[in-house]
Every structure is written in structure tokens, then in C-alpha cells.
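The values are calculated or read from the model by the stated rules, or taken from the named source; none is laboratory data. All of these numbers come straight from a predicted model, not from anything done at the bench. Using ideal geometry, Cβ is built from the backbone for each residue, glycine included, and neighbour counts are taken over all protein chains shown. With ligands, DNA and RNA removed, areas are computed over all heavy atoms of the protein, side chains included. Shrake-Rupley method; radii C 1.70, N 1.55, O 1.52, S 1.80 Å.
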Amino acid sequence: MKIYTIALALAVVAPAVAANGYNTNVTSDYYTTKPATKSGAYKTTTTTRKNGGYSNSIQNNFYYPSQQRATSSYEVVPAQTKTTTTYSSNYNDNYRYDNRSYNNYNDGYVVREKQTTTRTYSTQERKYFLAHPFFQPLKGRFGSVTDFAYAGNNFKFDVLNANAMDLDSASSTYGNVVSYEVADYSAKEQTRQFLVKEDFSFGITDTLAVIVMGQYDSTKTKFKDWSTGDPTASYSSSGLNLFGIGIQDRFVDNDEWIAMISAYYQHQRKTANTFIGELKAGYKIDRTTVYGLLRAGYSRLTKGDIYGAYVEGDGDYMMLSYKTDTKDIFQIEGGLGAFAVLNKYFTLNGELIYGHYDWHEQLNIKGAIGWQPGDMFALNLYASTSLYDSASDKKKEYFMYDVNPDVTGLQPGIASGTSVVYTTGDYKLKDYNEWKIGVQAILYF
């Protein structure tokens, strides 16, 4: 059977938000709707991709400490008072008239004068490190995070069994089902995606900001390394596929604690609507902020009731489903992170995230290094990968629609010349993995 690919959902791409501007793993879950099964089939199809990663997200305010620490991450250094004391020496000629000698004589002496000057001045260190996970613009100001990322997922799979149904209404065996075990039928799924995501924020107040976002992505999917010797099948797709809006409230920020709550709505074109909530809280230790985070997301599929890895071409398709008979997708993740200021120009960020992503659980690690040459621009280079994923060794359903199939091995149950066969069965995942690398260009003005 020939297999071709079409826009397979990147069902993974590193949950952990990764450094994703205003985007979290849950917020960036990405779904791609595919056409329903043709006449006679009994399943509809939808595919999904998680590209992890707000994320997102690049939410980042941090005060660069001086000798005297400010009371807030968003304050300048308080005014300083300086007192200077100076001394001057004067030589005075004091001429006196002596009635006895009528002589003038010099009675010289030194006078030391003390002068005290008091000056009051203020200094201002950098208020923002733009890669900080709690950044948002102050009132009336704008923030922009442009994320360029390359992400992927891959896994091996074994086909375990099959139930082939004759869907050719003109066939003498129309409606017949032939069931059989499958041996030595395996392959590898691979997805690669390049994306550009823009998060643009505006400060309504010093603690409240609104965010709008959009994403362009180009995805290439392969089913390859077939044990049967079939050639690799691949397909590429691209477009503006994700749009959203959100709001953030930094409701705590003092000399020790900082906390932020966020809510987002995202729409994946022609596929799903997603709602995300996020809570982050951090403790400041000198130049380091240690924080915890909790994110939850709910997605409603707008087409189909199945999502998973999907390939299509020339009328054929094959889906390796992750979940069937569903419209609702729930995800939740929690983790710990740390953000550290190394010096005036460089920062480090790390996160360890564990999440439940509807059909599997994953432990993910992310690291980032930021470079900020000035107050209004920064670059943040990041990478993330899965350390553990429960998807490995799971058994799931697959669906295959084949036009003009080779039915030699299905006779006599399915007659020769049958034009359409629809096959379902079980497959087993192995060596499931996700990763993501990217760079964020951050502006504040």
C-alpha cells in the first residue's frame, strides 16, 4: 500500500514553555483538521500537534540590583545625598601702628576656613531584563517578542493487528471485514516544524497588560524506515495558523516576592479553540528569582473527533491516533524555574516541567541564555527536550483508507478488484521524543 503525507500535526514539540513569548506549552498546543473519512467509512479525523511551548513565553521584568536594593523590581535606585567638606588656607597682612616706635610691623597668621557642600542626586539602573519570566510592559508602553523556532518530534511504531473492511459498494464482498494479526510491520514517524510567533503587549496599568499574538508555521512530516521496504512518504504545509489574545496581571511585586496570573484565548484556524490559565510566583534572592508555575488548558475541536499523526495523498490516508471519540482536550502542567542575572548584559533561565497532556505525561527540561546590550532590546536563545514520556509503549488505534489497494492477502473475504478498503487496528509507540530550539528577539518601547 502506498502512503503519502499531509500536514501531520506536530503532536509534541516540547512542552515547557519554553521560552515562548507569552505562550506556554498548553497555549501552543496545535491542531490540524483533516477531511472526514469518505463515504462508507465510520470515523472522522483530526490531527494535533503540541509545540510547547508559552511557552512562551518571554514575560520578563527584573531590576538589576545596585549596592542599595530597591523595594520593587520596577523602581529606580532611590535618591542619594552626598556631603563634601573642604578646607582653605588664607595669609592675612595685618598692619598695626605702634605709637612708641612709629614702625610698621607684620603680624601674619593663618586662618583655616571649613566649607560644607550638600548635593542630592538620583541614579537609575536598568529596570528590565527582557528575558525575565515575569516581564510585562508598564503603563502606556509596549513589548514585542518575536520567536523563531525549529521543533520536532519522532517515535517508532509497530502495527499489531488489522481489521480490513470492503467499502466498495459495487464489490461482491461490500461490507465484509477480514481480521488478522500483523507481524514485522513497523516504521518511524518524524515531524519537523519551523515557526515564527509574534506576541505584542501593551501596559494598561503598571501591573496589568494585554497581549495579542499570531503564528506562522511550516511543517514537514515523514513516515519512513518501513520494515516492508516502502519508500519514505513526506508532505509539507505552511500558513498563518494561530491567533490569540490574552491578559496578564502582576499582582505581587515587592523586595522579596513576585507573582503573576494570566489568561489566554487562542484559535487555530479551522481546527480548535483553546483557553489557557497560568499562575506563576517567585522569590527574589539577590540577582536570582526562583519561581514555581502552574498552567492549565482546555481545547475544543471544531472539526472531527479524533486527533493524532496523519498522512495523506492521492486519496489515501493513514492516521496514528492519540485519542478517539473526543471533542475535548485537557492539559495541565507544573514546574520549577530559576532566572539569574550574571552581569549587566547576560542572563540565564532554566525550567523543569512535568505535565499531563490529555493522552500522555511528560517531564521536560528547558534552558535559555539571554543577551541584552541595552534597555530596549534583547536576544534570548533557548532549547528544550523531553527527559521522560509515558507515550512510549502505549497502544493506540490506527486508521487507514486505501484507494485501489492490493487485496491479495485479504481474499476470499474481500474480492479482487475492490476499489476501497478501510483498515483499523492497534499500533504500539516506541522511543517517543520531543525537542525545540529557538531564539527570541525582544523589544521594549
ask   = Along the positive direction of the dipole of the stretch 202-250 (beta-carbon charges: Lys, Arg +1; Asp, Glu -1; about the Cα centre), which of ALA209, SER238, TRP226 reaches farthest?
value = TRP226
note = For the stretch 159-261, the Cα-Cα pair-distance distribution in 5 Å bins from 0, as whole percents, is 2, 9, 10, 9, 9, 10, 9, 8, 8, 7, 6, 6, 4, 2, 1, 0
query = Using the heavy atoms of the protein chains alone and a 1.4 angstrom probe, what is the accessible area of the stretch 239-288 per residue in square angstrom?
reply = 46 Å²
query = Ordered by packing density, taken as the mean number of other Cβ atoms within 10 Å over each peptide's residues, highest first, how do 252-261, 205-214, 145-154 rank?
reply = 145-154, 205-214, 252-261
Size of electric dipole in the stretch 311-445: Cβ of Lys, Arg +1 and of Asp, Glu -1, about Cα centre, debye, nearest 20 = 520 debye
remark   = Regression test value, accessible area per residue of the stretch 291-424, probe 1.4 Å, units Å², expected 40 Å²
query = Ranked highest first by average number of other Cβ atoms within 10 Å, how do 405-414, 376-385 line up?
reply = 376-385, 405-414
ask   = What distance in nm separates the simple spin-label points at LEU240 and SER419, each placed 7 Å from Cα in the Cβ direction?
value = 4.1 nm
note = A convex hull over the alpha carbons of the stretch 333-400 yields, per residue, a volume in Å³ of 127 Å³
Cross-link table LYS366/LYS394; LYS224/LYS436; LYS280/LYS395; LYS284/LYS327; LYS139/LYS270; LYS156/LYS280, entries beyond 31 Å C-alpha to C-alpha = LYS280/LYS395; LYS284/LYS327; LYS139/LYS270; LYS156/LYS280
task = Calculate I(q)/I(0) for the stretch 254-351 by the Debye formula, one identical point scatterer on each C-alpha and no solvent, and give its log10 at q = 0.10 Å⁻¹ to two decimals.
result = -0.48
request  = Report Rg(Cα)/(2.2 N^0.38 Å) for the stretch 162-205, keeping two decimals.
outcome  = 2.66
